[in-house]
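The values are calculated or read from the model by the stated rules, or taken from the named source; none is laboratory data. As the structure is a computational prediction, the values presented were derived from the model and not from experiment. Here the Cβ positions follow ideal geometry from the backbone for every residue, glycine too, while neighbour counts run over all protein chains shown.
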Amino acid sequence: MNGSKLMRGDVVAGALLAALGVYVTTTAMGWPFMDDSGPGPGFFPVFYGIALIVGSLALVVMTLRKDHDPEVATVDWQGVRRALGMWVVFALSIPAMKYLGFVLAFAGLIVFFTQIVFRQSWLFTGISAVLLPLGFEILFPLLLGVQLPVGLWTGF
């Protein structure tokens, strides 16, 4: 196996993500996994870390098993811009929750993803932007007793 194959973007990214997964998993193992009220603070990060490790190692293995293909070496810059844009919007939705509250910020995030990223119909977007935040409001505050962010401007 030559060094250039190991330095391909997918292999490097997969190795870095696997390292992140190991860090997340080992750190979360020090936190309570379960407590009297259900899943503890370590529950979701442990599974997230494990999923990150498995997925990134699968990426590395699949990349290394591929024969050299010139098309694989080209970078899809439009795809890169879309992916980075998605991460920026997702990251901005988190502080937006402080001002708009979870319901409106999450609905805005759904509108962005369904319209800009996935190009779905406005009917699908509207139904999703109403039902998904409503489902979270039913699941977390009502059933699990976990308060979601309440906006400074909206009050809900």
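Report, by residue number, each residue of the range 45-86 that is surrounded by fewer than 13 Cβ atoms within 10 Å (Cβ to Cβ) and at pLDDT 85 or above. Result: Val54, Ala58. On inspection, Ile127 fails the criterion of being surrounded by 15 or more Cβ atoms within 10 Å (Cβ to Cβ), at pLDDT 95 or above and aliphatic (A, V, I, L, M).
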